[in-house]
Every structure is written in C-alpha cells, then in structure tokens.
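Everything on this sheet refers to the single structure shown next.
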Amino acid sequence: MRAAAATRLRTDPATRAAEKLGAARRVTVITGAGVSAASGIPTFRGAGGLWKNHRPESLATAAAFARDPVTVWEWYAWRRQRIAEATPNAAHAVLARWSQRFEAFTLVTQNVDGLHEQAGTKNVVRFHGSIWRLRCTRRCGAPEWEDRNAAQRTLPRCETCGAVARPGVVWFGEEIPSEAVQAAFDALDCDVCLVAGTSSVVTPAAGLVGEARRRGAYAIEINPEATPVTGGVDLAIAGRAEEVLVEIEKRLSVKG
Ligand code: OAD
C-alpha cells in the first residue's frame, strides 16, 4: 500500500529519497548485477542475461560443475574477461561516497566483480564471494587463492595438490558465509534501506529489504523493472542505478 502511495507523491522520487537519506544516520544498501550493467557486465536475468542459452541456475551449481567443469569454467572465464575490462560506474562512485557520509553504512552485495571495493566503498559485505578467488575442489587444505588471469582457457588447477580448481563464489544450494549473513542482518537495523539493481529472486538477499522495513527502516528500491519486492517498499524508483543515484546525490548535496 505504501509503495502504491509512493508513486503518487507530489515531490519527485529522487527528492523524496534525498529527504529520507538527508535525515538518516544509518544506511544499508543491497545491490545486485544491475549496478554493474553500466560498466558493461551482463546481468544474469533479463535482456542479454543468458550465456549460450544457459540460465544461471543451470551453471552456477556444484552439480553442473561436477558434470561439466569445462563449460562452467568457460562461462566464468567469459565473465572474468568482461569484469577485467570493466571499471566502476557512476552508481558505484555515488555509493562509495555515501559509505563515508553516514554515521553507519553497510553495503551488502550479491556481485562477485569487486567493483564496489574498486570504487572505494567502505564496509562491503559480499554474499556470493569473489570471481577472482579460486578454491581446490578436493579440499586438500590449500587456502583459497587469488587468480586474476582473466584470459585463462583451460581448467585451472590447485597449486598444492593438482586437483581441478573451482571459482571461489557461492553457488545455488551452497551456504553464504555465516559472517556475511550475520553482518547483513545486523545492518538491517537502519534508518534507510536501499536496494538497487537486483531482480530480488535469489534468497536470502531478496528478503533483506523487507526485513529492514519490518524493523522500521524506510525502504527504497531502484530498478528499471518491477521485481517481487517493488510492492513492498516505501519508494520504488523506476530507473537505472547510475542515473537515479546521481540525481539523489545532487539533491542531497543541495541540502548540505
Ligand atoms: P539479476 O540479473 O537477476 O537481476 C539484475 C537486475 O538489475 C534486474 O532486475 C534488472 O531489471 C536490473 N537492472 C538492469 N540494469 C540496471 C541498471 N542500470 N540499474 C539498476 N538496475 C538494473 O541479478 P541479481 O539480482 O544480482 O548468483 O542476481 C542474483 C544472483 O543470481 C547473482 O548473484 C548470481 C545469480 O545467479 C550466483 O551466481 C549464485
């Protein structure tokens, strides 16, 4: 009901968001692939989301990797290449500045591209790991390692035992690191919770904004398309993160 009312506001949505953020001390932001779209990294769902007709759910699983590690690695190598060529966009830059602006700020991201950190964002909680980390599939005891070789074509190997290595990301059916989940839920006690660039279909990230709102936060969504959470936020702004966030920041700056 409140979201429906939000679309009838007399003030424009960016101004409304700036008013709420201007009065906020604790801000939590939840992001997904859409915030990196303007950096040239394809989203998982929607236009351009499919890779060779595979859905992400059919590639990003341990079972898919066990069945066909070459295809899964090809997909990750393709994404790694796109990410290696990418730089943070205006959405990442605004959020990085906001991470310094508020008394408490947490950014929970499902993205594995590292662009929030590259933009300088403080207090990033990664739900799905990093595409630049690798892990031994035999679990030989070697700690996860960094591998920035985006051009890698063959199956990478564990440097300690020689077993096939897998991407250090969280796949469907796998547990998100408990520290990340804890940090995210702790951050839901906030004044404003803003969710941007996610289709909000993958749990538990999809449930965070609703939980923040239940705890009293003002909930804002930025997405050019409607998602399952659109009807349950206070203010749904239909637009691109890299444009809407800049507009909100302009209005915040005017207010000082
Ligand atoms: P999706 O690809 O599911 O959703 C991207 C969302 O971004 C869509 O709702 C788009 O409408 C929106 N979008 C596109 N361009 C945008 C823009 N410029 N500004 C704002 N929004 C824009 O990506 P996620 O929700 O991040 O997990 O996907 C969640 C998880 O599913 C991913 O972390 C990944 C995937 O499979 C794993 O790999 C485990």
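The values are calculated or read from the model by the stated rules, or taken from the named source; none is laboratory data. Just so you know, these numbers come straight off a predicted model, no measurement behind them. In this analysis, Cβ positions are derived from the backbone assuming ideal geometry, glycine residues included, and neighbour counts consider all displayed protein chains. With ligands, DNA and RNA removed, areas are computed over all heavy atoms of the protein, side chains included. Shrake-Rupley method; radii C 1.70, N 1.55, O 1.52, S 1.80 Å.
Against the list (1) in contact with a helix residue (DSSP H, G or I) (Cβ under 7 Å, 6 or more places away or on another chain); (2) closer than 30 Å to Leu252 by Cα; (3) open to solvent by 10 Å² or more (accessible area, probe 1.4 Å), the condition Ala24 fails is (1). If the condition is being among the hydroxyl-bearing types (Ser, Thr, Tyr) and modelled with pLDDT of 95 or more, then region 7-33 contributes Thr15, Thr28, Thr31.
Looking across region 200-212, the residues that are within 12 Å of the ligand (Cβ to nearest atom) and open to solvent by 40 Å² or more (accessible area, probe 1.4 Å) come down to Val201, Thr203, Pro204.
I want to confirm something. Restricting to region 153-178 and keeping residues that are β-branched (Val, Ile, Thr) and more than 16 Å from the ligand (Cβ to nearest atom), which single residue is modelled with the lowest pLDDT? Among residues in region 153-178 that are β-branched (Val, Ile, Thr) and more than 16 Å from the ligand (Cβ to nearest atom), the one modelled with the lowest pLDDT is Thr154.
Conditions (1) within 12 Å of the ligand (Cβ to nearest atom); (2) open to solvent by 40 Å² or more (accessible area, probe 1.4 Å); (3) not assigned by TED's automatic domain parsing to the domain that holds Lys20, marked per residue:
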{"site": "Gln182", "(1), (2), (3)": "no, yes, no"}
{"site": "Leu188", "(1), (2), (3)": "no, no, no"}
{"site": "Thr198", "(1), (2), (3)": "yes, no, no"}
{"site": "Arg214", "(1), (2), (3)": "no, yes, no"}
{"site": "Ala219", "(1), (2), (3)": "no, no, no"}
{"site": "Glu225", "(1), (2), (3)": "yes, yes, no"}
{"site": "Ile237", "(1), (2), (3)": "yes, no, no"}
{"site": "Lys250", "(1), (2), (3)": "no, yes, no"}
{"site": "Ser253", "(1), (2), (3)": "no, yes, no"}
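Only a single item in (1) open to solvent by less than 30 Å² (accessible area, probe 1.4 Å); (2) away from the ligand (no atom under 16 Å from the Cβ); (3) outside the structural domain of Val192 (by TED's automatic domain parsing) is not met by Ser99, and it is number (3). If only residues of region 123-145 that are among the polar types (S, T, N, Q) and in a loop (DSSP other than H, G, I, E, B) are counted, the one that is most open to solvent (accessible area, probe 1.4 Å) is Asn123. The number of residues in region 30-40 being under 9 Å from the mean Cα position of the chain (by Cα) and either under 9 Å from Thr109 (Cβ atoms) or open to solvent by 30 Å² or more (accessible area, probe 1.4 Å) (or both) comes to 4.
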